[in-house]
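The values are calculated or read from the model by the stated rules, or taken from the named source; none is laboratory data. Bear in mind the structure is a predicted one, so any value in this text is a computation, not a measurement. As a convention, Cβ positions derive from the backbone with ideal geometry for all residues, glycine included, and neighbour counts pool all protein chains shown. These area figures cover heavy atoms from the full protein model, side chains too; ligands, DNA and RNA do not enter into them. Shrake-Rupley method; radii C 1.70, N 1.55, O 1.52, S 1.80 Å.
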Amino acid sequence: MLQNLPMQPADKILQLMQMFREDTRTDKIDLGVGVYKNADGVTPIMGAVKAAEERIWQSETTKAYTGLAGTPEFNSAMIDLILDGAVPADSVASVATPGGTGALRIAFELVRQANPGVRFWYSNPTWANHAAMLKYLSLPAKAYRYFNDGGVDVNGMLEDLKGAAPGDVVLLHGCCHNPTGANLRAEDWDAVIDLINAEGLIPLIDVAYQGFGDGLEADAANLRKVAKACPETLIAASCSKNFGVYKERTGILLAVDHNAAQRAVTQSNLSTLNRMNYSFPPDHGARIVSTVLSDAELRADWQSELEAVRSGMLDLRKDLSSALRQETNSDRFDFLANHRGMFSMLGITPDEVVRLRETHAIYVIGDSRMNVAGLNKSTVPVLARAIADVIG
Ligand code: LMR
């Protein structure tokens, strides 16, 4: 039987992780997978996370199953963090999931249950796993224009989305667009909301980097506006990056419906989808997150560490764009300082990406996406010189 299986295409991000691991050069630089690294190249456990784990270890008395939709403390703490009262609590159904990917998977299946055959629209480019998962689930999907010359092609995006049919789902990045780093401005979000409501579309917002762009509140401002303005909104959130709990697989899916009477039915579908896929969601990461969010001291500590991570990335962006100005004698890479979040697309060719890797031991994704958080003060000039070399 197993011999009938075809070889699966490798995920390009995971493939690059493997290549980096196998590279024996000691000066190699990993700007591939979206994992934060501090100035020493380490992905640290955040102080508040470590403290919460210790408290949990001391106080936890059982490993018995929790709720099918997650522990209520986690779900309500996350609803507050993401929506902050933008919509009434009784309009939100939620399920804890294994990471943001789990939340997206449940969202895709929920849509399929509710409205089979609708088309999903995603940005071109988007996180590779969006398109891959939709294809895997055989869900109709189409890309809309998004990125042009270092910025967002808002007109192209709106024009393409006019081609969507009522009920189609528009996948949006809540903040820190992955892979481009180029984000919609507040007024662009207003135009997108108007179009969604005029055409009867459903927004599905992937928010995997809240706190990495302009700050915890600012990064959620636009999705809150969507949730307020649109009759129904799905939000898939990840705690991997902003709590640094990558391997704990911690995420949540929110389904907001202004018709509060619908909530119980939606909730039963979400819980059933969890049950059908993996029964109970993982609890350890969720418990860390709810412990941090519900304790004033831990929360303040977490927020200040997250803020330091965010401002460190902004400094690296500014340093890199000015180093590139010097190295290339041009303003070609100035856009890097204006982008937000972990990623930017350098806009160099696939061949130049290969030369960065082969000649300079610098790893970026094939579409030229780089993880800014993989840099530090001493590797910024190294990268700038290498880019100038490969494009020169
Ligand atoms: C990324 O985009 O690098 C991260 O979200 C990690 C992943 O799973 O792809």
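Distances between placed amide hydrogens fall under 5 Å for residue 169 paired with 119, 120, 121, 202, all partners being 5 or more residues away or on another chain. Here is the tail figure for region 1-48: Cα pairs spaced more than 16 Å apart come to 58 percent of all pairs. Close amide H partners of residue 148, meaning residues 5 or more places away or on another chain with modelled amide H under 5 Å apart, are 153.
Per-residue extension of 0.36 nm, minus the Cα-Cα distance of residue 264 and residue 359, leaves a gain of 28.5 nm for this segment. Here the spin labels are modelled as points 7 Å beyond Cα on the Cα-Cβ line, and at residue 311 and residue 58 they lie 3.1 nm apart.
For a label point 7 Å from the Cα of residue 65 along Cα→C-beta, name the residues of region 282-300 whose backbone N is under 15 Å from it. The answer is 282-283, whose backbone nitrogens lie closer than 15 Å to the label point. Computed over the chain, relative contact order equals 26 percent, with contacts defined as Cα pairs under 8 Å that lie 6+ residues apart. Here r is the Cβ-Cβ distance between residue 378 and residue 155 and R0 is 41 Å; the resulting FRET efficiency, rounded to 0.05, is 0.50.
Computed over region 1-104, the convex hull of the alpha-carbon atoms projects to a mean area of 12.7 nm². Annotation: per residue accessible area for region 1-137 equals 56 Å², rounded to a whole number [probe 1.4 Å, protein chains only]. Altogether, the Stokes-Einstein calculation at 10 °C and 1.306 mPa s, with the Kirkwood radius of region 143-206 over Cα pairs as Rh, returns a diffusion coefficient of 133 µm²/s.
Scattering from region 53-202 was approximated by placing one identical point on each alpha carbon and applying the Debye formula without solvent; log10 I(q)/I(0) at 0.09, 0.11, 0.15 1/Å stands at -0.37, -0.54, -0.92. Each residue of region 217-229 is assigned a 3J(HN,Hα), and the resulting list reads 7, 4, 5, 9, 4, 6, 5, 5, 4, 4, 4, 6, 8 Hz, derived from the Karplus form 6.51 cos²θ - 1.76 cosθ + 1.60 (θ = phi - 60°), x at Gly and Pro. Applying D = kT/(6 pi eta Rh) to region 180-226, where Rh is the Kirkwood radius over alpha-carbon pairs, T corresponds to 10 °C and eta to 1.306 mPa s, the Stokes-Einstein value obtained is 138 µm²/s.
If you count only protein heavy atoms with a 1.4 Å probe, what accessible area per residue comes out for region 143-244, rounded to a whole Å²? Averaged over the residues of region 143-244, the accessible area is 31 Å².
Applying 1/(1 + (r/R0)^6) with r as the Cβ-Cβ distance of residue 2 and residue 22 and R0 = 22 angstrom yields a FRET efficiency of 0.25. Relative contact order of region 67-145, taken over Cα pairs closer than 8 Å and 6 or more residues apart, is 25 percent. Karplus-based coupling profile of region 201-213, in residue order and whole Hz: 8, 10, x, 10, 9, 9, 10, 10, 9, 4, x, 9, x, with θ = phi - 60° in 6.51 cos²θ - 1.76 cosθ + 1.60 and x standing for Gly or Pro.
Simple spin-label estimate for residue 42 and residue 304 gives 2.0 nm between the two label positions (7 Å along the Cα-to-Cβ direction from each Cα).
Across 50, 12, 377, the residue with the most accessible area heads the list, and the full order at a 1.4 Å probe is 377, 50, 12.
Computed from label points 7 Å out along Cα-Cβ, the spacing between residue 325 and residue 113 is 5.3 nm.
Look at the alpha carbon pairs under 8 Å that are at least 6 residues apart: their mean separation over the length of region 105-214 gives a relative contact order of 27 percent.
Filter the cross-link list 162/228; 63/247; 135/225; 37/247; 50/377; 142/228 down to pairs whose alpha-carbon distance in this structure exceeds 24 Å. Beyond 24 Å between Cα atoms: 135/225; 50/377; 142/228. The listed residues 391, 362, once ranked by accessible area (1.4 Å probe) with the largest placed first, stand as 391, 362. Heavy-atom accessible surface of residue 53, to the nearest 10 Å², is about 50 Å², with a 1.4 Å probe and all protein chains retained. Give me the orientation-averaged projected area of the Cα convex hull of region 75-157, in nm², one decimal. If you wrap the Cα atoms of region 75-157 in a convex hull and average its projections, you get 7.2 nm². Can you give the % of DSSP beta bridges in the chain that are antiparallel, to the nearest 5? Taking every DSSP beta bridge with both residues in the chain, the antiparallel ones total about 50 percent. Against the empirical 2.2 N^0.38 Å (N residues), region 192-255 has a Cα radius of gyration ratio of 1.21. On the accessible surface of region 26-101, probed at 1.4 Å, how many percent belong to carbon and sulfur atoms? The nonpolar share, carbon plus sulfur, comes to 56 percent.
Of the beta bridges in region 105-259, as assigned by DSSP with both residues counted there, near 35 percent are antiparallel. Against the empirical curve 2.2 N^0.38 Å, the C-alpha radius of gyration of the chain lands at a ratio of 0.99. Ranked from largest to smallest solvent-accessible area, with a 1.4 Å probe on the protein heavy atoms, 194, 389 come out as 194, 389. Against the empirical curve 2.2 N^0.38 Å, the C-alpha radius of gyration of region 281-392 lands at a ratio of 1.33. The calculated FRET efficiency for residue 191 paired with residue 84, based on their beta-carbon distance and R0 = 22 Å, is about 0.40.
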